[in-house]
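These notes concern the structure reproduced below.
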Amino acid sequence: MKSSRLVFISALFALLLLIVPAAFAQDFGLSDADSDLLAAANENSAAASSFAYDFVATLSIIGLDTQPITANLSGSGVIVSDMSGDLFSLQVLGQLGSGGQTIPVNFEARLINDMLYLNLGDGSGWMGGPLDELLSDDMFGELTGGMGTDLPVDPGALASGDLSDLMMMPGLTEAITGLSTLEPERYISLNRLATEGGVAQFRLTLDLAGLLSSPEIGSLLGMAMMGDAGSMGMSQAEMAQMGQMIGMMFAGSMISLDQYVDVERELVNRTVLAVTLPLEGLLGAPGAGIDLTFDINLSGYGQSFKVEAPASFTPLN
């Protein structure tokens, strides 16, 4: 992958770190009662000591490669964090498609306190090891096939919350400083749609084309696409203009996040993310674009769940 694309991905990652928390910190026109309900539901759900989940995800990518890429997945698991320790389980089933070929997916992961177990469903059985070792730089590079060595930032550091490498990318600090004048409410809307069976539906929508075309985001996007402003001889204003032009190429994009809240218990029952990104203007390929849906249900808040270690496993070292 070209370095400019890697910088672009890293810059958008930084953008999400800044924009998403800002979005949920505001009510965007909701009534006080609705705003309080949504905030309480998210806080209560995040603070729950345990819950179960199941999801369905679909993905279609056209134009980024010679062949379309598709994914149809379903999964389930539990999350527990209480006095007994931390437990996590995930099983994903489905299929991936590319180039006329279909690849079955049967992946499972279990986390029991500080031990992580993985089963790739390829007949090799379970693998496992201490979580802190698996997150080390050496092990991360081995598990990802050395891809991290070609990235402009250290993925292991990002995973641990260390953004120092990211912030040292040329021009990024200046571009992010410009975000202080960004007004998220111009590009984000949040509405309560309906209440059925004691469950209230809230929808957050993002005007991605407008956001990317804004002067504040334009500088960040232009820097990401053009690379080092010094070597390219581009001023901050020129980078902003470049970013605005790129943002206009995302016209017709749709991004929404629906949350379904149990009004009485003040808990989130379901969340649906829908993303449509037309990329014909950006890539010049007919029909190019990305379509993603992720629909997750949450249940069993506060209930007791059990996650067992596999009877045998191959050490990951």
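Observations
- Only one of the numbered conditions (1) in a strand (DSSP E or B); (2) surrounded by fewer than 16 Cβ atoms within 10 Å (Cβ to Cβ) is violated by A57, and that is (2).
- Of all residues in the stretch 25-51, those that are over 16 Å from L204 (Cβ atoms) and assigned to a loop (DSSP other than H, G, I, E, B) have Cβ atoms under 6 Å from Cβ atoms of residues that are aromatic (F, W, Y) and modelled with pLDDT of 95 or more, 6 or more apart or on another chain, in A48/Y301.
- For N106, the conditions (1) of a type in the set (S, T, N, Q); (2) free of Cβ contacts under 8 Å to residues at least 60 places away in the same chain; (3) within 24 Å of Q303 (Cβ to Cβ) all hold with the exception of (3).
- Scan of the stretch 105-154 for residues that are of a type in the set (S, T, N, Q), out of contact with any helix residue (DSSP H, G or I) (no Cβ under 9 Å at 6 or more places or on another chain) and either surrounded by fewer than 18 Cβ atoms within 10 Å (Cβ to Cβ) or at pLDDT below 70 (or both), ordered by number: N106, S124
- Of all residues in the stretch 188-207, those satisfying the criterion of being assigned to a loop (DSSP other than H, G, I, E, B) and either of a type in the set (K, R) or surrounded by fewer than 17 Cβ atoms within 10 Å (Cβ to Cβ) (or both) are G197, G198.
- Residue list for the stretch 261-317, restricted to those being over 30 Å from L38 (Cβ atoms), of a type in the set (G, A, S) and either touching a residue at least 40 places away in the same chain (Cβ under 8 Å) or surrounded by 14 or more Cβ atoms within 10 Å (Cβ to Cβ) (or both): G281, A285, G287, A288, G289, A309, S312
- Residue ID - nearest to V105 (Cα to Cα), chosen from residues in the stretch 70-83 that are of a type in the set (A, V, I, L, M) and at pLDDT 90 or above: L73
- Flag if A48 is out of contact with any Leu (no Cβ under 6 Å at 6 or more places or on another chain), crowded, with 17+ Cβ neighbours inside 10 Å and on the phi < 0 side of the Ramachandran plot: yes
- All told, S98 meets the bar of being more than 23 Å from Q201 (Cα to Cα) and either modelled with pLDDT of 90 or more or not charged (D, E, K, R) (or both).
- Of all the criteria given as (1) at pLDDT 90 or above; (2) surrounded by 15 or more Cβ atoms within 10 Å (Cβ to Cβ), the one not satisfied by L30 is (1).
- The condition of being touching a strand residue (DSSP E or B) at 6+ places or on another chain (Cβ under 8 Å) and under 24 Å from E308 (Cα atoms) holds for only one of M127, M83, that being M127.
The values are calculated or read from the model by the stated rules, or taken from the named source; none is laboratory data. Here the structure is a predicted model, which is why all the values come from computation and not from measurement. Note that each Cβ is placed from the backbone with ideal geometry, even for glycine, and that neighbours are counted across all protein chains shown.
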